[in-house]
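Everything on this sheet refers to the single structure shown next.
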Amino acid sequence: MTRAALAGLAFARAGLSPDGALVVSAHELRRAVNVCRAHPKVAVLTGPGAGPAELGRALFPQTPRSFVVCEGLDGPEERIVHVRPAEATTRPWTNPDVVLVLDDRRPPEEAGWISGAALGPSEWALPREAFDDAALEPGVRAFVLAKLGPRLGDMVWDVGSGDGSVGIECARFGAAVVAVERDKAGYERVRENVRAHGVRVAVSRGEVPSVLDHLPEPDAVFSGRGGPETLAACAGRALSRVAAVASDEDAPAMLDVLTAQGFTAGAVALQATPMPAPVAVVWGRRGGPAARPRPSRDVRRVETIAIGDLGP
């Protein structure tokens, strides 16, 4: 039986519509869990060591969900069990085929023109007016998003989130996102913006680096402020990609931080009119092409690029 047919049978046996559902395999358990964090209706096809108990441990208690565990589908010992994630970690399971992971707090998705896929947003790098005066200009945010590469199955941290704009944009691409803010006013501002844009972003309040110990492992990290020390703490956790806003003074040291931690790193100062001054963005990627020899100190390490007026 194909994956789509197995998932469709699971929804039918549970008495639920498959409209708006995503179908993923638990063979990449971490990525499957991230899809469940970001989306309200997911059919997870289980595998050895990646069943209801493992899903429950990964999601509970930070991500409230309900499970429908479908065992022995279309066989003589078929069983459909409704449980909460915490209960799923302790119950014995026999031949689970599919776990439907549902967010009961969100309304059902309307039937669309495509099934079994998560489409990206129709527009990205939203205008600055969609957030507040602290938001990055759309052209700068577009560059940051290109370096972060958020996608379905990714976990992205938005550290020193400010208004939450980068994390919100990443969530609109289907990634699971955690925004981190240290003060109460910033925390509430991010929550308000998340609600206004109708996306799923978990918001955590605390100081870097201690707050990072409690977050799911990130594929990509954005550091909105904090300089080399914050970047070092974030880069040490990132599996693949990092981007950060830097001052002119901090950019060389931040490049050194990324290089020391095994990233292929670069930096650019982006001038987006009508901004009064360029914004420096530092980025790094693991597993990319080998880094070129470090330039001598008389070579400018941060290039300035004019990107024009990319947003209202």
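Here is how the numbers come out for the structure above:
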item: Rounded to 10°, Cα long-axis angle of helix 29-38 versus longest principal axis of the chain; result: 80 degrees
item: Mean separation of Cα contacts under 8 Å (6+ apart) over length of the chain, as relative contact order %; result: 13 percent
item: Charge dipole of the chain about the Cα centre (unit charges at C-beta), most positive-ward option of THR2, GLY15, ALA269; result: THR2
item: Nearest-ten-degree value, helix 138-148 long axis tilted from longest Cα axis of the chain; result: 60 degrees
item: MRE, 222 nm, helices only [DSSP H, n ≥ 4, -39500 (n - 2.57), over the chain, to nearest 500]; result: -8000 deg cm²/dmol
item: Rough spin-label spacing in nm, given labels placed 7 Å along Cα→Cβ, for GLU87 and ARG286; result: 3.8 nm
item: Projected-area mean, the range 1-149, by convex hull of Cα positions, square nanometres; result: 10.8 nm²
item: Highest to lowest packing among 220-232, 139-151, scored as the average C-beta count within 10 Å; result: 220-232, 139-151
item: Mean Cβ count within 10 Å, highest first, over the residues of peptides 254-260, 242-248, 76-82, 13-19; result: 242-248, 254-260, 13-19, 76-82
item: Angle between the chain longest axis and helix 3-14 axis [Cα atoms, degrees, rounded to 10]; result: 60 degrees
item: Among beta bridges that DSSP assigns inside the chain, antiparallel share in %, nearest 5; result: 55 percent
item: J(HN,Hα) series, the range 154-164, from Karplus relation 6.51 cos²θ - 1.76 cosθ + 1.60, nearest Hz, glycine and proline x; result: 7, 10, 10, 9, 10, 9, x, 5, x, 9, x
item: Protection-proxy order for peptides 88-100, 120-132, each taking the mean of Cβ atoms within 10 Å per residue, highest first; result: 88-100, 120-132
item: Structure-derived Cα extents along the principal axes in Å: which label, when the choices are [x] 75, 38, 36; [y] 67, 51, 38; [z] 112, 57, 25; result: [x]
item: Between the range 10-41 and the range 173-205, the Cα center-to-center distance that results, in Å; result: 23 Å
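Rule-based calculations on the coordinates, nothing more; no lab input. The model shown is predicted, which means the values in this text are computed figures rather than measured ones. In this analysis, Cβ positions are derived from the backbone assuming ideal geometry, glycine residues included, and neighbour counts consider all displayed protein chains.
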